[in-house]
Ligand SMILES: [Zn+2]
C-alpha cells in the first residue's frame, strides 16, 4: 500500500509538471506570435523590427565606409511567382527556390542588399573592397547583419548572398498558416 501511494504521488507530480510546462510554453508562444489563421492578410511593409535593424545596418556599414543599398524588401506573392519563373519558364538565372508565399520577403521579414561603389554604381561584386581594409565589403556587411540578428543567405545551401532575413522562430509553414511575429519585441 505504501509503495502504491508513492507511485500515485510520483504520477501526480509528473502530470502537474507536464501541465505547467505546457501552460508556460503556450503562454510564451502567445506572447511572441499572433495567430489569425489562413485569412491573415499579407503584410505590405517590412516588420518594424526588421526595418529598424536595416537602418542600423546601413548606418553601421557607413561608419566603415561601405555604402549599402537595399534593393528589395517586401514582395507580393505575385512578384514572388514571377521571380520564381526566372531561369525556369523565363530567361535568366535561377535566383530563388521559393514560390509565391514561400519566401520570407512575402511576410515583410527579409531584405536584399547590394553595394554602391565609388563611381555611384550598384554592384553585386562580393570581392569588392571599396574601403581598402583587405576584406570583402560584402562579407563585412553580412557580418554586421548577423550581429544584428539577421540570418544571411550566404550561409544557406542555396547561396543567396544578397539575402538577409529575420524569422522570429517562425517557419514558412507557420507563416502560411497565418502566424505572424508580434510588432514589438516580446516581453521576457
Ligand atoms: Zn532575398
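The values are calculated or read from the model by the stated rules, or taken from the named source; none is laboratory data. This one's a predicted model, so the numbers in the text were calculated from it and none came from an experiment. Reconstructed Cβ throughout: ideal geometry from the backbone, glycine too, with neighbour counts over all protein chains shown.
Laid out as a table, the results:
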read-out	value
Hits in the stretch 69-94 - residues which are touching a strand residue (DSSP E or B) at 6+ places or on another chain (Cβ under 6 Å) and within 12 Å of the ligand (Cβ to nearest atom)	70, 71, 72, 73
Count of the stretch 142-155 residues which are more than 17 Å from residue 51 (Cβ to Cβ) and assigned to a helix (DSSP H, G or I)	7
Long-range neighbours under 8 Å by Cβ, at least six apart or interchain, first residue without any contact (Cβ under 8 Å) to a residue 40 or more places away in the chain and assigned by TED's automatic domain parsing to the domain that holds residue 60 within the stretch 111-139, second within 16 Å of the ligand (Cβ to nearest atom) and part of a strand (DSSP E or B)	123/114; 123/115; 124/114; 124/115; 125/115; 128/115; 138/115
Failed condition for residue 169, given (1) assigned to a loop (DSSP other than H, G, I, E, B); (2) at negative phi	(2)
Single residue of the stretch 174-183 satisfying the filter (assigned to a loop (DSSP other than H, G, I, E, B) and either surrounded by 14 or more Cβ atoms within 10 Å (Cβ to Cβ) or within 13 Å of the ligand (Cβ to nearest atom) (or both)) that is modelled with the lowest pLDDT	182
Sole residue being over 23 Å from the mean Cα position of the chain (by Cα) and under 30 Å from residue 135 (Cα atoms), chosen from 64, 13	64
Scan of the stretch 45-68 for residues that are in a loop (DSSP other than H, G, I, E, B), surrounded by 12 or more Cβ atoms within 10 Å (Cβ to Cβ) and either more than 14 Å from the ligand (Cβ to nearest atom) or at pLDDT below 95 (or both), ordered by number	47, 64, 65, 66, 67
Qualifying residue in the stretch 98-118 (condition: surrounded by fewer than 12 Cβ atoms within 10 Å (Cβ to Cβ), assigned to a loop (DSSP other than H, G, I, E, B) and in contact with a strand residue (DSSP E or B) (Cβ under 9 Å, 6 or more places away or on another chain))	no
Index of the failed condition, residue 130 passing every other in (1) within 16 Å of the ligand (Cβ to nearest atom); (2) within 23 Å of residue 56 (Cβ to Cβ); (3) assigned to a loop (DSSP other than H, G, I, E, B)	(1)
Residue within the stretch 99-120 that is at pLDDT below 95, over 30 Å from residue 40 (Cβ atoms) and within 15 Å of the ligand (Cβ to nearest atom) present	no
Residues within the stretch 142-160 that are under 14 Å from the mean Cα position of the chain (by Cα) and surrounded by 14 or more Cβ atoms within 10 Å (Cβ to Cβ), tallied	10
Leading residue by the ranking (nearest to the ligand (Cβ to nearest atom)) among those in the stretch 140-173 that are within 22 Å of residue 36 (Cα to Cα) and free of Cβ contacts under 8 Å to residues at least 24 places away in the same chain	171
